[in-house]
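Working notes, structure below.
The values are calculated or read from the model by the stated rules, or taken from the named source; none is laboratory data. Computed from a predicted structure; not experimentally measured. We place every Cβ from the backbone using ideal geometry, glycine too, and count neighbours over all the protein chains shown.
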Amino acid sequence: MRFHADLHIHSKYSRACSRDSDLEHLTWWALRKGVTLMGTGDFTHPAWFGHLRERLVPAEPGLFRLREDPGAAPDGDAPGTLPSGADSGRVRFMLSVEVATIYRRGGRTRKLHHLVYMPGFEAAEAFNRALTRFGDLASDGRPVLGLDSRDLLEITLASGDGAYLVPAHVWTPWFGVFGSKSGFDTVEECYGDLAGHIFALETGLSSDPAMNWRVSGLDRYRLVSHSDAHSPPRVGRETTVFETDLDYFAVLRALRTGDGHAGTVEFFPEEGRYHVDGHRKCGIRMEPRETRARGGICPACGKPLTVGVLSRVEELADRVEGVRPDGAAGFRSLVPLPEIVGEVLGVGPQSKRVLREIDRLVAALGPELAILEAVPVGEIETCSPRLAEAVGRLRRGEVIRDAGYDGEYGTIRLFTPGELERAGSATVPALF
């Protein structure tokens, strides 16, 4: 079975929700996007953990489904239309949490994020009990623990057979295991004698597998991508693709061995918030070569720049660009459908007009990921000639990139400035 998995849902979403329809919202958006396997997010929080126990029931080994079929769109921020034939009973959940560890090691303060997965509620309960010694699990935001990363991994492994940890967005400057601000140069430095239990790394929005392939020491890890969604509409902006049984332990085997790990769907890394170097307050953005020439100092204010992912990859790289390791899974770079529709319409991706148009598109063509990846361009053209042109360019990699830096998202465009306006004559089909 081939399916998309999004196993990194930001803890702020699960903590902020108080309606009984929390999991219905996640299910609804998963169906809309075309995601089959979802992370629950934040099972460490007592209120959310109780909600998960109440609303989820066992499905396949290690996975869960909603106790009851929502049957209708939940109230609030869910869209009004799902793809034809969408069945909420097909969406599965895996117990997941993002954990922050803050500690001193090697004369530096380390601030790292980790993704932790559990095969069942008993294992999750054991994990939660162990963590209460190191931080307040009931506080808002992801759990922040005064705990060494190596010790977090030890607690994870001791919680139950099949429990595992994946370093999150590994290149992010402030919170990635390789981050320029508080990270390490190798996985072994971070996790010590337990580093052999790390078998997958999350690329993050600001890097893609091709960038990671430049570091030969990462060849033995499976590269995964997930949305790190702060809100349900961002579900599926990055996913990991599996060709396995829909089963927690089958996914785990795929990550350990590579067999069944079919690759990832990625942002174009330039769209990530930390791709290149810069200083947001000063409006300064630099490529790695210029940063090195200026000694990492902002020319406007004289303070250190935030060194981004591209620079950090180049610092650790021992290969030239374009090398693909033997056996490495492939990837595809996409732009979220709301951003493309917003560009075509000349409005923001979260506008009501965009949502209405996507309602129409998914009803006619299927889930958003399918529209971007698989639906023939000719079929898309029957709904929207210009969207068909945009998707065709996207699939060919013909995009215009404006890189993000120091916390500012970059932008990826499919049309040159003024191109759509110039084409807006009577001889050109309507936008939609």
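Side notes on the structure shown:
- Members of region 101-151 that are without any contact (Cβ under 8 Å) to a residue 12 or more places away in the chain and among the hydroxyl-bearing types (Ser, Thr, Tyr): THR132, SER139
- When VAL323, VAL354, VAL347 are screened for being under 25 Å from the mean Cα position of the chain (by Cα) and without any contact (Cβ under 8 Å) to a residue 12 or more places away in the chain, only VAL347 passes.
- Taken over region 390-409, the criterion of being without any contact (Cβ under 8 Å) to a residue 24 or more places away in the chain and in a helix (DSSP H, G or I) is satisfied by GLY392, ARG393, ARG395.
- Elements of the type strands (runs of 3 or more DSSP E) sitting completely within region 170-261 and holding at least 3 residues that are modelled with pLDDT of 95 or more and not aliphatic (A, V, I, L, M): these cover 239-243.
- Filtered residues of region 184-194 (kept if of a type outside the set (Phe, Trp, Tyr) and surrounded by 24 or more Cβ atoms within 10 Å (Cβ to Cβ)): CYS190
- Which numbered condition LEU31 misses (of (1) farther than 25 Å from GLY141 by Cβ; (2) modelled with pLDDT under 95; (3) among the aliphatic types (A, V, I, L, M)): (2)
- Matching residues, region 288-327, being within 21 Å of GLY183 (Cα to Cα), in contact with a strand residue (DSSP E or B) (Cβ under 6 Å, 6 or more places away or on another chain) and assigned to a loop (DSSP other than H, G, I, E, B): GLY296, LEU305, VAL307, GLY308
- Test for SER351: is it among the polar types (S, T, N, Q) and either within 30 Å of SER311 (Cα to Cα) or touching a Phe, Trp or Tyr at 6+ places or on another chain (Cβ under 6 Å) (or both): no
- All of GLU287, GLU368, GLU343 fail the test of being charged (D, E, K, R) and either surrounded by fewer than 20 Cβ atoms within 10 Å (Cβ to Cβ) or under 17 Å from GLY404 (Cα atoms) (or both), apart from GLU287.
- Options HIS230, HIS261, HIS279, HIS275; residue that is under 24 Å from PHE178 (Cα atoms), assigned by TED's automatic domain parsing to the domain that holds LYS33 and surrounded by 20 or more Cβ atoms within 10 Å (Cβ to Cβ): HIS261
- The sole residue among ALA300, ALA293 that is more than 29 Å from GLU339 (Cα to Cα) and in contact with a Cys (Cβ under 8 Å, 6 or more places away or on another chain) is ALA300.
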